[in-house]
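J.: One structure is given below, represented as C-alpha cells, and several questions about it will come after.
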Amino acid sequence: MGGRREEILDMALALADERGLEAVSMRALADRLGVTPMALYRHVDSKAALLDGLVGRLLAAFLPPDTGKPQNWNARLADLAHACRKTIQIHPWAAQLLFSRPAVTPDAVRAVDVIYCALIEAGVPDREVPRLERMISTFVIGFAISEASGRFAPGALDPRSRRGQLPDGELPGHSRLTPWLDLPPDLDAEFEADLEDLLHLVEAATREQR
C-alpha cells in the first residue's frame, strides 16, 4: 500500500514539474500509470488527499538530516529556511500549494514540529510559539514564491522603468531611493539578512519572557 502511494506521489510531483500544478489530476495520473482512476482511490482517496500528500512530500525535504550532532535552535531554523527556498527554486509551483493547504500528513507535521521545538528551545513562551511559527513560515515561503515568480526582478522593483504606468505627481519615496532602486537585488544576501532579522525577532520574544 505505502509503496504504491509513494509511486503515485512521485508521478504527481513529476507531472507538476512538467506541466504545472493545475495539470495534476487523478485522471492524468491514472493515464501516466496505465491504470483506471478508480485504481488510484485505493491508495489516495481524493484529489484533496493527493494534494495533502504532495505537501507532505515537499515538507519532508525541509527536514534536517540526522547527523548525530546537536544543532542550536537558530541553526536548525536557518537550515529549514534554506531547504524551503531551495525546494521552491526547484519546484516553483510548490509555493502555491504550500500556501493553500494545511500541514496534515505525517511528514508535514514533523516539519512544523521542527520549528516548534526550535522556538521552544530558544525560550519563546509556549503561547507565542504558534504565532512565530506562522510568521517564519509565511516569510520563507513568501520570499521563495516572490523570487520564483519574478516579483523581485529589477523591472518589477523599479517602477521608473515603467514610466507610462506611474501615477501623476511626485513620488518622494522613489525619488529619494533612486540610487538604490537602480541596483539589481542580491537575493541571496537579502534572504540571509531577512532571515537574520527574523531570528532576532525570536530572540526579542525570549527577552520579553525573561
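Quick note: the coordinates plus some simple rules give every number you see, no bench work behind them. Everything quoted here is computed from the prediction, not taken from an experiment. FYI the Cβ positions are ideal-geometry reconstructions off the backbone, even for glycines, and counts take in every protein chain you see.
J.: Dipole magnitude of region 1-70 about its Cα centre, charges +1 at Lys/Arg Cβ and -1 at Asp/Glu Cβ only, in debye to the nearest 20?
T.: The calculation lands at about 120 debye.
J.: Using helices alone, what [θ] at 222 nm do you get for the chain, with -39,500 (n - 2.57) per DSSP H run of 4 or more residues, divided over all residues and rounded to the nearest 500?
T.: The per-residue figure over the chain is -21000 deg cm²/dmol.
J.: For helix 47-60, report the angle its Cα long axis makes with the longest principal axis of the Cα atoms of the chain; keep it between 0 and 90° and round to the nearest 10°.
T.: The angle comes out at about 60 degrees.
J.: Using the scaling law 2.2 N^0.38 Å as the reference, what is the normalised Cα Rg of the chain?
T.: 1.24
J.: Work from the charge dipole of the chain (Cβ charges, +1 for Lys and Arg, -1 for Asp and Glu, about the Cα centre) and give the residue of PRO185, MET11, LEU40 farthest towards its positive end.
T.: Farthest towards the positive end: LEU40.
J.: If you don't mind, there's one more thing I want to ask. Does anyone have the angle between helix 106-122 and the longest principal axis of the chain? Alpha-carbon axes, 0 to 90°, nearest 10?
T.: 40
J.: Same structure, new question: Work through the residues other than ILE120 whose Cβ is under 13 Å from its Cβ and net out their charges, Lys, Arg +1 and Asp, Glu -1.
T.: -3
J.: If you don't mind, another one. If I stretch the segment between ALA48 and SER146 completely, what's the gain in nm (0.36 nm per residue apart, minus their alpha carbon distance), one decimal?
T.: Value of the extension gain: 32.8 nm.
J.: Please get the size of the charge dipole for the chain, origin at its Cα centre, with Cβ charges of +1 on Lys and Arg and -1 on Asp and Glu, quoted in debye to the nearest 20.
T.: Around 620 debye, computed over the chain.
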